[in-house]
Amino acid sequence: MSETNSKKIKILTLSDHPLSPSGVGTQTKYMIEGLLKTGDYEVVSLGGAVKHQNYQPMKTEEWGDAWTIYPVDGYGTQDVIRSVIRSEKPDILWMMTDPRFWQWLWQMEDEIRPLVPIVYYHVWDNYPPPKYNKPAYDCNDTIVTISRLTNEIVNAVTDVPDVVHHPHAVNTDIFKKLNPEDVKTFRENSFEGGEKNPNRMVFFWNNRNARRKQSGTLIYWFKEFLDKVGYDNACLIMHTDPKDQHGQDLEHIITELGLHNGQVMISRNKIPPEGLAMLYNMADCTINISDAEGFGLATLESLACETPIIVNMTGGLQEQVTNGEDWFGIGIEPCSKAIIGSQEIPYIYEDRLNKEQFLESIEKFYNLTKEQREELGQKGREHVLKNYDFVNYQEGWDKIMKDVHQKHGSWDSRKGYDTWRHEEL
């Protein structure tokens, strides 16, 4: 930073705990570490959405006093925000995830924005443009969008001048093609009693066991696929919590369908990124048939490991599986777009597949040659490196934050925000 602006920029982040393994937590961590590497920032994080053992402030060994994490329940409260803003005096407030979780924060916009600008890292799954989100969007100084779809939707709804498209990224030094001998050994040791069929095709599913993820549907449809190709010729590994309260009892379904002899297996333990990379490498294909998916980080990780994907053409998944010319797996066009909603979300499309579409797609992939699958995987990694580069992700956040700080200031230098507005009655 220049001598005239040598004070470090302090960022207050609100999100899942940045040391948690969730997609939101991981992307928050990537962003923070990228900022801290520059030496131009301090970060204070409210780490939420997990169960805490204690509520003492946390610091990491690597970053020391430059990064303080305060554990909070949920994502915090208005009183917590008031206290932290006054005690820490951040220059920018940054938050990420679904807008439903931030209504309480935007309700106190008139207390926050006179002091510091708000940057919102936003995901939205589908059309129609959510006009009911406009009051929330208008409470931010900058909205950063994670997919082209989200970017189009936000620009159709709000007049906020600073809308920046900046998609997620994965660390391609971790998520990459691994030594084939190491993968072979891992695979041989991963199945109870050893791998009985080394040519068996392995499909991988890495998601939260929740309704929109269609976890139970996948198991039922996968059984019909096995009925056609043979129970010893393919298997499905699901990395998830089979007893998640927001999802189905997957173990019951597996037993009910008679798929408990290695046809469908559950990987339930939390594992580090290096372990996930090995699972992607062991798999021949990663599947995601969610009816709504803002981005879908697991499929991006899979492509980085040169493992092709089969996905529903919804949300951010559709820009991962193809660049408009080349394909890096199989994209399935939804057979229906039903308008669903709730009291909080009055309307949004839900993109549904049917069984025949899925079976046709998975059989098509199953019948590809090894060379064809490898070509898809190699092109997929090239797609990730070109469009979702990890270094660009971190450097992009540095530019966004410095642009916000220069344009909007904070506290005594705050500009571009009026505490009043003029409306014609």
Bridge orientation stat for region 270-425 from DSSP, antiparallel percent rounded to 5, came to 45 percent
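When the convex hull of the Cα atoms of region 16-55 is projected onto a plane and the area is averaged over all directions, what value comes out in nm²? Intermediate values should be presented prior to the final figure.
Working: hull surface 11.9 nm².
Averaged projected area of region 16-55's Cα convex hull equals 3.0 nm².
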Percent of all Cα-Cα pairs per 10 Å bin for region 289-380, counting from 0 up to the last occupied bin, reads 17, 45, 28, 9, 2
Given all pairs of distinct Cα atoms, region 40-179 yields a Kirkwood Rh in Å of 16.8 Å
Here the tail fraction of P(r) beyond 26 Å, over all Cα-Cα pairs of region 267-425, rounds in percent to 46 percent
Counting sequence-distant residues (5 or more places) and residues on other chains, those with an amide H built under 5 Å from that of V164 are I143, V144, T145
Under 5 Å from the placed amide H of L257, counting only residues 5+ away or on other chains, we find none
Least to most buried among I289, I81, by other C-beta atoms within 10 Å and fewest first, runs I81, I289
If each part is reduced to its alpha-carbon centroid, region 333-371 and region 19-68 end up apart, in Å, by 36 Å
Here region 203-216 yields Karplus 3J(HN,Hα) values (6.51, -1.76, 1.60; θ = phi - 60°; whole Hz; Gly and Pro given as x) of 9, 10, 9, 10, 7, 6, 6, 9, 4, 5, 7, 6, 5, x
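With all distinct Cα pairs included, what does the Kirkwood hydrodynamic radius of region 79-138 come out to in Å, to one decimal, could you say?
Numbers: mean 1/r = 0.0791 Å⁻¹.
Taking every pair of different Cα atoms in region 79-138, averaging 1/r and inverting gives 12.6 Å.
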quick note, the chain, DSSP beta bridge pairs, % antiparallel (nearest 5) is 15 percent
Taking the square root of 5λ for each eigenvalue of the C-alpha gyration tensor of region 180-387, the equivalent ellipsoid has semi-axes, largest first and in whole angstrom, of 25, 21, 17
Along region 339-349, Karplus-curve 3J(HN,Hα) (6.51, -1.76, 1.60; θ = phi - 60°) to the nearest Hz, with x for Gly and Pro, reads 7, 10, x, 8, 5, 7, 10, x, 7, 6, 6
Along principal axes, largest first, the alpha-carbon spread of the chain in whole Å comes out as 69, 52, 43
Here the Kirkwood hydrodynamic radius of region 278-327, Cα-based and in Å, equals 10.8 Å
Most exposed to least, judged by fewest other Cβ atoms within 10 Å, R100, R212 sort to R100, R212
Interchain or sequence-distant (5+) residues whose placed amide H lies within less than 5 Å of the amide H of I330 are I309, I310, V311
For region 133-290, one quarter of the surface area of the C-alpha convex hull, expressed in nm², comes to 12.0 nm²
Treating only Lys and Arg (+1) and Asp and Glu (-1) as charged, each at its beta carbon, one finds that the chain has a dipole about its Cα centre, in Debye to the nearest 20, of 340 debye
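Quick note: the coordinates plus some simple rules give every number you see, no bench work behind them. On a predicted model such as this, the values are computed, not experimentally measured, just so you know. All Cβ positions, glycine included, derive from the backbone under ideal geometry; neighbour counts span all protein chains shown.
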